[in-house]
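The values are calculated or read from the model by the stated rules, or taken from the named source; none is laboratory data. If you're wondering where the values come from, they're calculated on a predicted model, not measured in any experiment. Here Cβ is always computed from backbone atoms with ideal geometry, including for glycine, and neighbour counts include all displayed protein chains. Each accessible area value is taken on the protein alone, full model and side chains, heavy atoms only, with ligands, DNA and RNA left out. Shrake-Rupley method; radii C 1.70, N 1.55, O 1.52, S 1.80 Å.
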Amino acid sequence: MENMTALITGAGSGIGFGVAQSLAEKGANIIITDINDEAVLSAQQKLADKGLTVQGFKLDVTNEQDLENLLAALADTRVDILVNNAGIQHVSRLEDFPMQVWQKIVDVLLTGPARTCKAFMPQMRENGFGRIINIGSIHGLVASPFKSAYVAAKHGLIGFSKVIALETSDTDITINTVCPAYVKTPLVEKQIKDQAQQHGISEEDVINKIMLEPMPKKSFIDIEEICATVCFLASKEARNMTGQALVLDGGWTVK
Ligand code: NAD
C-alpha cells in the first residue's frame, strides 16, 4: 500500500476506524474523515499512539459544502482508495418511522457514496487508477423487519456500484461493496438496545434469537475480516473484480 492514499468516511469509529488503522499499518497514507470532529481527533490520537500518522478532516457525507472544503484542503493530494463507510441506522416499523429520519438514512448510506465518488472519480480517472470500496451490509441482499430505510439504501448501494463499475470500465478504477452481517460496533450495540425495546425481549435474546439466528456460524463478524477484504479489493491485483458484492455473513445467504 506504499505510495497509496486512502480516504475513509465515518472513520472516527467502528469499522471505518479499523479499516483506517489496517491500511495505515500496510503503509498507505491515510485521510480519516467523519461528521464528528472529536471522533476524528480521537482516532488520529489513537493511531498516533501506535506510531501511525494520519490526516484528519471533518466530512459530513450529506453536506456538499463539507466535500468542497475537503477537496480544497487536500489540494494536490491524490486519493487512490476511497472507502465509503459512514453509516447510521434507525430501527422502527414503517408506520412509526419518521420520514425525515428515513430520508437521512438514504442520504448518508446511498447518496453519500454517490457524492464522494463524484468528487474523487475525476482525479482517479486522470491518474488511471482508483479503488472504491463501499461498506455495504448483508442488508444489501436480504431484509430484516424494522429497517426499511437501511435495507432499501444498502440494496441501492449495490445497484449504484454496478452502474459505476460500467462507467469506469475503460480505466483501472474498480468499485465493490463489502457486505458483512453483524459486527459488534457502537452502531450495533445501539441496535441491540433498540431491538430489545421493539420486540419486548432481553438484549441477550436479541443477540442470540435475532442477530445470530440466521447465521449458521453463530458468530459476529470481526473488523479484521472486513479489513482484510478491503485490503485485497484495494490492491492492484483486484483490478478485474468490479461491481461485485463480497459477502461476509457466516453462511446467512446460503440457506
Ligand atoms: P459506527 O456507528 O461505529 O460508525 C459509523 C461512523 O459514521 C461514526 O463515526 C459516525 O460519526 C459516522 N457518520 C455518521 N453519519 C455520518 C455522516 N453524515 N457523514 C460522515 N460520517 C458519518 O458504525 P459501524 O458499525 O462501524 O458502521 C460502519 C459501516 O458499516 C456503516 O455503513 C454500516 O452500515 C456498515 N455495517 C455495519 C455492520 C455492523 O454490524 N456494525 C454490519 C454491516 C454493515
Given an 8 Å cut-off on Cα distances and at least 6 residues of separation, report the relative contact order of region 127-218 as a percent. 30
Taking the Cα centre of the chain as origin and charging only Cβ (+1 Lys, Arg; -1 Asp, Glu), how large is the dipole, in debye to the nearest 20? 500
State, to one decimal in nm, how far the label point of K184 lies from the label point of R125, with both points 7 Å from Cα in the Cβ direction. 4.5
Highest average packing first - 193-200, 92-99, Cβ atoms within 10 Å: 193-200, 92-99
Derived scalar couplings ³J(HN,Hα) [region 165-178; Karplus, 6.51 cos²θ - 1.76 cosθ + 1.60; whole Hz; x for Gly, Pro]: 4, 5, 6, 10, 5, 8, 8, 7, 10, 10, 9, 9, 10, 8
Return the long-range amide H neighbours of G130 (sequence gap of 5 or more, or a different chain), with a cut-off of under 5 Å between placed amide H atoms. I173, T174
The set of residues whose placed amide H lies less than 5 Å from the amide H of G243, leaving out same-chain residues fewer than 5 positions away, is I175, N176
Which residues' amide hydrogens lie under 5 Å from the amide hydrogen of G10, considering only partners 5 or more residues apart or on another chain, with H built in the peptide plane? T33, D34, I35, A86
I need to check one value: relative contact order of the chain, counting alpha carbon pairs closer than 8 Å and at least 6 residues apart, in percent. 19
Counting only protein heavy atoms and a 1.4 Å probe, tell me what percentage of region 68-121's accessible area is made up of carbon and sulfur. 53
Please report the projected area of the chain's Cα convex hull averaged over all directions, in nm². 13.4
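So between T111 and K162, what do we pick up on full extension, going 0.36 nm a residue minus the alpha carbon distance? Provide the component values of the computation, followed by the final result.
Numbers: separation 51, 0.36 × 51 = 18.36 nm, distance 1.48 nm.
Full extension from T111 to K162 adds 16.9 nm.
For every helix of n ≥ 4 consecutive DSSP H residues, a contribution of -39,500 (n - 2.57) applies; sum these over the chain, divide by its total residues, and give [θ] at 222 nm rounded to the nearest 500 deg cm²/dmol. Could you put the intermediate results ahead of the total?
Numbers: 8 runs with 106 residues, N = 255.
After summing the helix terms and dividing by the residues of the chain, the value is -13000 deg cm²/dmol.
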Work out the charge dipole of region 63-212 with +1 on the Cβ of Lys and Arg and -1 on the Cβ of Asp and Glu about the Cα centre, then indicate which of V101, S148, L71 is farthest towards its positive end. S148
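Per residue, how large is the accessible surface of region 1-140? Use a 1.4 angstrom probe and give square angstrom. If you can, show how the numbers build up before the last one.
Values: 6160 Å² over 140 residues.
Per-residue value: 44 Å².
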Fully extended contour minus Cα-Cα distance, from K46 to Q65, at 0.36 nm per residue: 4.0 nm
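Cα convex hull of region 55-151: how many Å³ per residue? Mind dumping the intermediate values first?
Working: hull volume 9.7 nm³, N = 97.
Enclosed volume per residue, from the Cα hull, is 100 Å³.
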Assigned charges on the beta-carbon of Lys, Arg, Asp, Glu; region 89-232 dipole about Cα centre (debye): 180
With the dipole of region 130-255 defined by +1 on each Lys or Arg Cβ and -1 on each Asp or Glu Cβ, the option from V230, A245, G159 whose Cα lies farthest towards the positive pole is G159
Of the residues V19, V163, V178, which exhibits the maximal mean-square fluctuation in a Gaussian network model of the chain defined by a 10 Å Cα contact cut-off? V163
